[in-house]
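See structure below.
The values are calculated or read from the model by the stated rules, or taken from the named source; none is laboratory data. Note that the coordinates shown come from a computational prediction; the quantities given were computed from them, not determined experimentally. Note that we place each Cβ from the backbone using ideal geometry, even for glycine, and neighbour counts take in every protein chain shown. To get the accessible areas, we keep the full protein, side chains included, count just its heavy atoms, and leave off ligands, DNA and RNA. Shrake-Rupley method; radii C 1.70, N 1.55, O 1.52, S 1.80 Å.
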Amino acid sequence: MARMTLAVHSQLYSIHSFSPDASIAAEIFQQEMFFVGKTKDELSVVVPAELNLDSLEEESNWRCIEVIGPLGFSMTGILASVSGALADADISIFAISTFDTDYILVKKDKLSKAIIALKKKNYQITEY
């Protein structure tokens, strides 16, 4: 496998949980980067930490590691490889996939350990 590049975002993020019938606040859509996921059981939102939302639950202090893409749908095992390296280092993740690439959120206090673990697996790390 070619050496893959991962980019660490400087932004801090928060992950929010809402009931599935909650309306999505308009200010979420004004953020430079956000993710919204809805199932029959829940509505999850990832936004920059400074945006305060009235959610049922909030997990704060997440940093984002982006797999530099675009990644074609024929490319397999990328998220498994990154998440496996982090699992081996006992680091929990929150993974998000988009059409073009994957994003892995790790707790801010685990970021240095995550970078070390990924470099050991020959990932190149840059910063945004």
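Quick notes on this one:
- Scanning the stretch 99-119 for residues that are of a type outside the set (D, E) and over 17 Å from A80 (Cβ atoms) returns F99, K107, K108, K110, L111, S112, K113, I115, I116, K119.
- Each residue in the stretch 22-39 was checked for being more than 20 Å from Y128 (Cα to Cα) and touching a Leu at 6+ places or on another chain (Cβ under 8 Å), and 7 pass.
- Options S23, S10; residue that is out of contact with any Ser or Thr (no Cβ under 8 Å at 6 or more places or on another chain) and under 30 Å from K121 (Cβ atoms): S10
- Residue in the stretch 73-92 that is closer than 19 Å to Y128 by Cα, more than 11 Å from the chain's Cα centre (by Cα) and either modelled with pLDDT under 95 or of a type in the set (S, T, Y) (or both) present: yes
- Considered as a group, the residues in the stretch 104-128 that are at pLDDT 95 or above and in a strand (DSSP E or B) include one that is most open to solvent (accessible area, probe 1.4 Å), and that residue is K107.
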